[in-house]
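Chemist: Let me begin by handing over the structure; questions about it come next.
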Amino acid sequence: MAMPNYQEIMLPLLRFTADGLEHSFRETVEHLANEFKLTNEERQALLPSGAQEVFNNRVGWAKTYLIKAKLLESPRRSIFKITDRGQKLLKESPKQITASSLRQFDEFLDFVKPTKDDGDTDALEEIDHSQATPEEVLESAYQKIRKALAQDLLTRIKSSHPSFFERLVVELLVKMGYGGSIQDAGKATRYTNDEGIDGIIKEDKLGLDVIYVQAKRWDNQPVGRPEIQSFVGALDGQRANKGIFITTSRFAENAVAYVKTITKKVILIDGEQLANYMVDYGLGVSTFASYELKRIDNDYFGE
């Protein structure tokens, strides 16, 4: 059985509380996970932000919608029970409970209707038909914006001068915590006999060990096993055990398989991952808007 969306959870959740007893959120999640026969992988699946389990998030919003419709009530934090209205609805033997069906209750309409400030006349329709929770909608939109930004970054990098790309690689590694400052952390090297080594970066601020870097600003041609073997040979020549191979393109399957068989530690970073790292560490990008998600501070209220 596939993981249910939050609307599919509402009726089973309400039925679980039909005994009239108080129930905790944790026991409810456990019961519903068993009822929907979720696997361990499905139970542990996280939202893209990694901040919460997907199923817990969906159960939480199903509970919130039922509380807003006065089908459930919460006498105290993380505890809830069915109301007389909820019992009455169950006696009607509904086949499902959806956001649309909850619109029969004025309290729920007050919760979902647009505010005077946003003026969004489509808000109710979107809530009715959406199978995603607000967090899922928000994170999905964020991921789309992020993906488009990463693609634009990669296009810019591919059109840049090779020397700029090499400096970019060293600067990114510094931002990721290698070596300290740009001045003493690493340097881009372009020796005529550099044996395939494009850059050197200190693994730590003291320079107790160094990591050798190769950066190839390729377009569509994948980096294959021969290029990786050549890089590993260059590491041998430097008596080095660690290397990072970065490309704006991608790696062939035989190249990825090869690095898993060698004793040296070689990290492969393709164009997509490179762009994502730049977004993560704020290199070549700037923040133009920021949104904060907030929740109740229970300590403030003495809970």
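The values are calculated or read from the model by the stated rules, or taken from the named source; none is laboratory data. What you see is a predicted model; the values in this text were computed from it and never measured. Heads up, the Cβs are rebuilt from the backbone with ideal geometry, glycines too, and the neighbour counts pull from every protein chain shown. Just so you know, the surface numbers come from the protein's heavy atoms only, side chains and all, with ligands and any DNA or RNA stripped out. Shrake-Rupley method; radii C 1.70, N 1.55, O 1.52, S 1.80 Å.
Chemist: Which condition number in (1) under 17 Å from residue 165 (Cβ atoms); (2) open to solvent by less than 60 Å² (accessible area, probe 1.4 Å); (3) touching a Phe, Trp or Tyr at 6+ places or on another chain (Cβ under 7 Å) is the one that residue 222 fails?
Modeler: Single failed check for residue 222: (1).
Chemist: Go through region 182-206 and report how many residues are open to solvent by less than 80 Å² (accessible area, probe 1.4 Å) and modelled with pLDDT of 65 or more.
Modeler: 8
Chemist: Something else: What tally of residues in region 71-84 results from selecting those that are touching an Asp or Glu at 6+ places or on another chain (Cβ under 6 Å) and modelled with pLDDT of 95 or more?
Modeler: Count: 2.
Chemist: Which condition breaks for residue 117 when tested against (1) part of a helix (DSSP H, G or I); (2) at pLDDT below 95; (3) not aromatic (Phe, Trp, Tyr)?
Modeler: Unmet for residue 117, out of (1) part of a helix (DSSP H, G or I); (2) at pLDDT below 95; (3) not aromatic (Phe, Trp, Tyr): (1).
Chemist: Of the residues 279, 266, which is in contact with a Gly (Cβ under 7 Å, 6 or more places away or on another chain) and either in a helix (DSSP H, G or I) or not charged (D, E, K, R) (or both)?
Modeler: Values: 279 fails: in contact with a Gly (Cβ under 7 Å, 6 or more places away or on another chain).
Among 279, 266, only 266 is in contact with a Gly (Cβ under 7 Å, 6 or more places away or on another chain) and either in a helix (DSSP H, G or I) or not charged (D, E, K, R) (or both).
Chemist: Kindly indicate whether residue 215 is within 24 Å of residue 276 (Cα to Cα), in a strand (DSSP E or B) and either touching a helix residue (DSSP H, G or I) at 6+ places or on another chain (Cβ under 8 Å) or among the aromatic types (Phe, Trp, Tyr) (or both). Break it down stepwise before answering.
Modeler: Working: within 24 Å of residue 276 (Cα to Cα): yes; in a strand (DSSP E or B): yes; either touching a helix residue (DSSP H, G or I) at 6+ places or on another chain (Cβ under 8 Å) or among the aromatic types (Phe, Trp, Tyr) (or both): yes.
Spelling it out, residue 215 is indeed within 24 Å of residue 276 (Cα to Cα), in a strand (DSSP E or B) and either touching a helix residue (DSSP H, G or I) at 6+ places or on another chain (Cβ under 8 Å) or among the aromatic types (Phe, Trp, Tyr) (or both).
Chemist: Say we look at region 132-150 and pick out the residues that are surrounded by 13 or more Cβ atoms within 10 Å (Cβ to Cβ) and over 13 Å from the mean Cα position of the chain (by Cα); which of these is nearest to residue 288 (Cα to Cα)?
Modeler: 149
Chemist: Scan region 35-65 for residues that are open to solvent by 60 Å² or more (accessible area, probe 1.4 Å) and closer than 18 Å to residue 16 by Cα and jot them down.
Modeler: Matches in region 35-65: 35, 37.
Chemist: Among the residues of region 274-289 satisfying the criterion of being of a type in the set (Phe, Trp, Tyr) and at pLDDT 90 or above, which is most open to solvent (accessible area, probe 1.4 Å)?
Modeler: 281
Chemist: Can you find a residue that is closer than 15 Å to residue 137 by Cα and in a helix (DSSP H, G or I) anywhere in region 79-87?
Modeler: no
Chemist: Here's a follow-up. Looking at (1) in contact with a Phe, Trp or Tyr (Cβ under 8 Å, 6 or more places away or on another chain); (2) of a type in the set (A, V, I, L, M, F, W, C); (3) open to solvent by 10 Å² or more (accessible area, probe 1.4 Å); (4) under 28 Å from residue 110 (Cα atoms), find the lone condition where residue 18 falls short.
Modeler: Residue 18 satisfies all of (1) in contact with a Phe, Trp or Tyr (Cβ under 8 Å, 6 or more places away or on another chain); (2) of a type in the set (A, V, I, L, M, F, W, C); (3) open to solvent by 10 Å² or more (accessible area, probe 1.4 Å); (4) under 28 Å from residue 110 (Cα atoms) except (1).
Chemist: Only residues that are among the charged types (D, E, K, R) and either open to solvent by less than 60 Å² (accessible area, probe 1.4 Å) or touching a residue at least 60 places away in the same chain (Cβ under 8 Å) (or both): list them for region 66-81, please.
Modeler: 76, 77, 81
For every residue, the table says whether it meets (1) assigned to a loop (DSSP other than H, G, I, E, B); (2) open to solvent by 90 Å² or more (accessible area, probe 1.4 Å); (3) modelled with pLDDT of 95 or more.
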| residue | (1), (2), (3) |
| --- | --- |
| 235 | no, no, no |
| 239 | yes, yes, no |
| 249 | yes, no, no |
| 256 | no, no, yes |
| 262 | yes, no, no |
| 272 | no, yes, no |
| 291 | yes, yes, no |
| 295 | yes, yes, no |
| 300 | yes, yes, no |
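Chemist: Which of (1) at pLDDT below 95; (2) surrounded by fewer than 17 Cβ atoms within 10 Å (Cβ to Cβ) is the odd one out, the single condition residue 87 does not satisfy?
Modeler: (1)
Chemist: Are there helices (runs of 4 or more DSSP H) fully within region 1-64 with at least 2 residues that are at pLDDT 95 or above and over 25 Å from the mean Cα position of the chain (by Cα)? List them.
Modeler: Ranges flagged: 6-16, 25-35.
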